[in-house]
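Everything below concerns the one structure shown next.
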Amino acid sequence: PGTPERTPPGAGAGRDTGGTGTPTPRRIVLRIRRVVSFVWLFALRFVQSNLVITVEILTPRDRTSPGIVELPLRCRSRAEIATFSSLINLTPGTLTLEVRRDPPALWVHGTHTHSAEEFRHDLWDLETRMLTAWRPVDETIPPVPPSPRGDGGAG
């Protein structure tokens, strides 16, 4: 009596708002930290990929191990899938070949795909970090889906 009911975290509308409809300062700061952390991580990966490709071009020895993997996604919306696919395409040495929306999956080519599972887990790590920055603060990211049968031609 007389005490307002509180909406549990992650319940319905008002995510990132503490149930009030207005984002709380703590949630805003946490969201900004997550976005900045993701941008920093992607920038580091981008520079690292550029260095690997540059060394590959400038040295006579061929260290490439091209491969294609199927990557089941945890992305739900068109925007998440498009953003993730674009991040892959921006990274030197990787290219999204095909996108499936139901269930969400990508087929990704990599020039240095020495292990299909390692390549998949590297891509899933990027997806996890992107979704953590993109989605509301109190929303949990689902676990990595099981790997598809076979290795999609990598190796």
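The values are calculated or read from the model by the stated rules, or taken from the named source; none is laboratory data. Note that the structure is predicted; figures quoted are calculated from it, not measured. With ideal geometry, Cβ positions are generated from the backbone for all residues, glycine too; neighbour counts draw on all protein chains shown. Note: accessible area is taken over every heavy atom of the protein model, side chains too, but ligands, DNA and RNA are not part of it. Shrake-Rupley method; radii C 1.70, N 1.55, O 1.52, S 1.80 Å.
Would you point out which residue out of Val144, Val52, Val47, Val137 is at pLDDT below 95 and in a helix (DSSP H, G or I)?
Values: Val144 fails: in a helix (DSSP H, G or I); Val47 fails: at pLDDT below 95; Val137 fails: in a helix (DSSP H, G or I).
Testing whether each residue is at pLDDT below 95 and in a helix (DSSP H, G or I) leaves just Val52.
Consider region 34-44. How many of its residues are touching a helix residue (DSSP H, G or I) at 6+ places or on another chain (Cβ under 9 Å) and open to solvent by 40 Å² or more (accessible area, probe 1.4 Å)? Step through it out loud before you land on a result.
Kept after step one, since they are touching a helix residue (DSSP H, G or I) at 6+ places or on another chain (Cβ under 9 Å), are these residues of region 34-44: 34-39, 41-42.
Retained after the next criterion (residues that are open to solvent by 40 Å² or more (accessible area, probe 1.4 Å)): 34-37, 39.
Selection size over region 34-44: 5.
Looking at region 124-141, is at least one residue closer than 22 Å to Ala43 by Cα and touching a Gly at 6+ places or on another chain (Cβ under 7 Å)?
There is no residue in region 124-141 that is closer than 22 Å to Ala43 by Cα and touching a Gly at 6+ places or on another chain (Cβ under 7 Å).
Return the pair list, or none, for Cβ contacts closer than 6 Å from residues in region 54-71 that are open to solvent by less than 90 Å² (accessible area, probe 1.4 Å) to residues that are among the aliphatic types (A, V, I, L, M) and modelled with pLDDT under 90, at least 6 apart or on different chains.
Gly67/Ala154; Val69/Ala154
Would you please name the residue that is modelled with the highest pLDDT, looking only at residues in region 77-100 that are of a type in the set (D, E, K, R) and either loosely packed, with under 12 Cβ neighbours inside 10 Å or touching a strand residue (DSSP E or B) at 6+ places or on another chain (Cβ under 7 Å) (or both)? So that I can check it myself, show each step before the final result.
So the first thing to find is which residues in region 77-100 are of a type in the set (D, E, K, R), and the list is 78, 80, 98, 100.
Then drop every residue that is not either loosely packed, with under 12 Cβ neighbours inside 10 Å or touching a strand residue (DSSP E or B) at 6+ places or on another chain (Cβ under 7 Å) (or both), which leaves 78, 98.
On the way: Arg78: 94, Glu98: 97.
Here the residue is Glu98.
What number of residues within region 113-124 satisfy the criterion of being surrounded by 18 or more Cβ atoms within 10 Å (Cβ to Cβ), under 19 Å from Asn50 (Cα atoms) and over 16 Å from the mean Cα position of the chain (by Cα)?
Within region 113-124, residues that are surrounded by 18 or more Cβ atoms within 10 Å (Cβ to Cβ), under 19 Å from Asn50 (Cα atoms) and over 16 Å from the mean Cα position of the chain (by Cα) number 1.
Which one of these is over 26 Å from Leu30 (Cβ atoms) and basic (Lys, Arg): Arg76, Arg129, Arg63, Arg135?
That would be Arg63, the only listed residue that is over 26 Å from Leu30 (Cβ atoms) and basic (Lys, Arg).
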